[in-house]
Amino acid sequence: MTFPVVRHAALTSLALAFTAPYALADSAADTAVAVANTAVIITAARAPQPSSDVLSDHVLISATDIARSGAGNVVELLQKQRGIEITRNGGPGTASQVFIRGGDAKQTVVLVDGVRIGSSTSGIANWATLPLANIDRVEIVYGPLATMYGADAIGGVVQIFTRRGAGPAAVSASVEAGSDKARAMTFGVSGASEGENSINYAFGMSKDKDEGFSATKPGTSSYNKDNDGYARDSASGQLGIVLAKGHEAGLLYLHSHLKSQYDSGATPFDVRSVQNMDNIAVYSKHQFTSNWKMSLQASEADDKSFNFTSPTTSNRIDTRAHAYSMQHDIALGSDLLQLVLERRVESVFADTTRALNTSRATNSVAAAYSLKRGNHLASASARLDDSTQYGDKATGGIGYGYKLTRALRLNASAGTSFRAPTFNELYYPGYGVDTNKPEQGKNVEGGAYYNDGVTEASAVYYRNRLTDLLVNTAKCPVQLDTHKNGCAYNVNRATLEGISLGARTRMGDIDMSGSIDFQDPRDDTTGKNLQRRAKRHAKFAVEYNVGNVIAGVGVQLSGKRFDDLANRTTLPGYGLVNLFASYRFAPDWSAVLRLNNVADKQYELARYYATAGRQVFAGIRYGVR
């Protein structure tokens, strides 16, 4: 089972995230070895680093972890990780939000194979469209990463990687069925040719469907007792070719089509949304000299959403983002200097809310320096983002680490960050204010990390002070004629403070892991707790692995939360127990069984929205790690 303490491989992803061209440029075989051994990290420094040299707090969720997690979708997978909480408006397929270290969902950057995803109107990634079946690994980096990823990287970054080809051609497939008439099918093929002009490839497709349960509960005007299910079809692919020694180019794509039902009152009409995600990117990498490497990437990310609320009422909102990046990595002895240029253009089309139909462009330049001197590690980075909407924003970060022993390291870091206003907060009629400014963050943290090859442990303290927080005001301070019911405005301050503890060890055939987060995410202006975030949450897992049998149990615990900003409506704490088992009955073949919410716990992640009770799923897998 997964546990976030596998930090040393997580940063690999972020490096890939910010500069997929760099990571994708490395051979698929090299990347696979790095991830398997958790010995080389790319993310933190956006270049390969020994895991013992990585200064940022991070988590890797490997392909094996995903297969054994018992999670049915990406949101459930993230919910099991240290420092992460979620909300969801019903079952799978409905709108979800992910909070990192108590930060808002809009304060997280999400990337898929280096391509940033998310709606420019809501500021949130469309988690429901992401297919778990096509994912090879997920990496999470905690804390501000604005110098690497620009706007919105306040709480952290989640980077998702689809499968990449390496070695001889290999096929994978699976079928699964379970509660709520759920069924899923996947198929994939991957590999790489040999020779000077080798080609690596990986293609996958999946189809899953679930009849679900009522998204809402009695007590809200949106309640409808009908079941709210979903159907999702997805495909992904990567293709790379070595043009010459030290020079590589490639293409990657992801497509996902989601039909999801939700509730909008007691109507016989099938209220539903249709959402499409389409990402495509081309990249190249060039090793000009032994110490100078350049990587390039161009990408397009489309997020399309259609909502049908009655036979005559519907709306459409499309977000399209074009991004271009160039990165130079220059080795100076054991040190590394990096220079980055980026451009990102966001545009929105809305068929009914025409005020949202606009665009903004951001040009960015960044530099980073990583230093290693004996037991001393240090890093410094700076970035300038120049937006046609919010102007210039400069961010910076520094980090220092000292190795007390080969297994024990102390870290400390500080950094600034910001979140750009969403198009809704700027232009939505009667709500947005076009003069709204970016939110700003200042973070400090320190931690101790231990890894002797058998046992891993960590303890991290962080404090992130936010100013110019964008909130929904009851009375708008400006433009009263057009904002009679309040607006989005920069009026509040907040503090995200906490301690995150994690550990993992292996005793014979038993693998044990756990984490506890003590946090105080609060609105300093009102003195209230931030909405839907607990002061304590924890995860524990035990896995038994012997012969052809793997069995495990996972526990998720959360304290109480408040559903509203005024802290008047309480969401009680909850505990969930999940079971997982697999049996390898032939080479490459395995049978899997998972039982979620064993005790059939009734709980809420958002007021009046239902969550799944006890569920059981069974399936057959071929060639799946």
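The values are calculated or read from the model by the stated rules, or taken from the named source; none is laboratory data. The model shown is predicted, which means the values in this text are computed figures rather than measured ones. Here Cβ is always computed from backbone atoms with ideal geometry, including for glycine, and neighbour counts include all displayed protein chains. Accessible surface is based on the protein model in full, side chains and every heavy atom, while ligands, DNA and RNA are left aside. Shrake-Rupley method; radii C 1.70, N 1.55, O 1.52, S 1.80 Å.
As for region 206-222, it holds at least one residue that is under 21 Å from residue 622 (Cβ atoms) and not charged (D, E, K, R). Between 356, 384, 337, the distinction of being open to solvent by less than 30 Å² (accessible area, probe 1.4 Å) and either more than 27 Å from residue 242 (Cα to Cα) or touching a Phe, Trp or Tyr at 6+ places or on another chain (Cβ under 6 Å) (or both) belongs to 356 only. If the condition is being of a type in the set (Ser, Thr, Tyr) and touching a Pro at 6+ places or on another chain (Cβ under 7 Å), then region 394-443 contributes 416, 417.
Consider residue 593 carefully, then state whether it is at pLDDT 95 or above, in contact with a Phe, Trp or Tyr (Cβ under 8 Å, 6 or more places away or on another chain) and either acidic (Asp, Glu) or open to solvent by 60 Å² or more (accessible area, probe 1.4 Å) (or both). Against the criterion (at pLDDT 95 or above, in contact with a Phe, Trp or Tyr (Cβ under 8 Å, 6 or more places away or on another chain) and either acidic (Asp, Glu) or open to solvent by 60 Å² or more (accessible area, probe 1.4 Å) (or both)), residue 593 qualifies.
Looking only at residues that are among the aromatic types (Phe, Trp, Tyr) and either open to solvent by 80 Å² or more (accessible area, probe 1.4 Å) or in a strand (DSSP E or B) (or both) in region 428-456, which one is farthest from residue 123 (Cα to Cα)?
Going residue by residue through region 428-456, those that are among the aromatic types (Phe, Trp, Tyr) are 428, 431, 449-450.
Adding the requirement that they be either open to solvent by 80 Å² or more (accessible area, probe 1.4 Å) or in a strand (DSSP E or B) (or both) leaves 428, 449-450.
On the way: 428: 13, 449: 33, 450: 36 Å.
Here the answer is 450.
The set of residues in region 335-362 being assigned to a strand (DSSP E or B), of a type in the set (S, T, N, Q) and more than 19 Å from residue 383 (Cβ to Cβ) consists of 347, 359. Of all the numbered requirements in (1) free of Cβ contacts under 8 Å to residues at least 40 places away in the same chain; (2) assigned to a loop (DSSP other than H, G, I, E, B), residue 189 misses one, and that requirement is (2).
Out of region 457-493, which residues are open to solvent by 30 Å² or more (accessible area, probe 1.4 Å) and under 26 Å from the mean Cα position of the chain (by Cα)?
457, 459, 461, 463, 465, 467, 468, 472, 493
The condition of being open to solvent by 50 Å² or more (accessible area, probe 1.4 Å) and modelled with pLDDT of 95 or more holds for only one of 283, 201, 230, that being 201.
Give me the strands (runs of 3 or more DSSP E) completely within region 508-615, filtered to those with at least 2 residues that are in contact with a Pro (Cβ under 9 Å, 6 or more places away or on another chain), ordered by residue number. Where strands (runs of 3 or more DSSP E) fall fully within region 508-615 and carry at least 2 residues being in contact with a Pro (Cβ under 9 Å, 6 or more places away or on another chain), they are 510-523. One residue stands out in region 334-376 among those that are among the acidic types (Asp, Glu) and under 24 Å from the mean Cα position of the chain (by Cα): the one that is farthest from residue 410 (Cα to Cα), namely 346. Selection of region 247-280 for residues being of a type in the set (Gly, Ala, Ser) and either at pLDDT 95 or above or part of a strand (DSSP E or B) (or both) yields 249, 250, 256, 260, 273. Taken as a whole, region 450-458 holds at least one residue that is hydrophobic (A, V, I, L, M, F, W, C) and under 21 Å from residue 537 (Cα atoms). Which of the residues belonging to region 66-75 are touching a strand residue (DSSP E or B) at 6+ places or on another chain (Cβ under 8 Å) and either surrounded by 24 or more Cβ atoms within 10 Å (Cβ to Cβ) or touching a residue at least 60 places away in the same chain (Cβ under 8 Å) (or both)? Selection gives 66, 67, 68, 69, 70, 72, 74. Checking each residue in region 398-429 for being closer than 30 Å to residue 318 by Cα, in contact with a Gly (Cβ under 9 Å, 6 or more places away or on another chain) and of a type outside the set (Asp, Glu) picks out 417, 418, 419, 420, 421, 422, 423, 424, 426.
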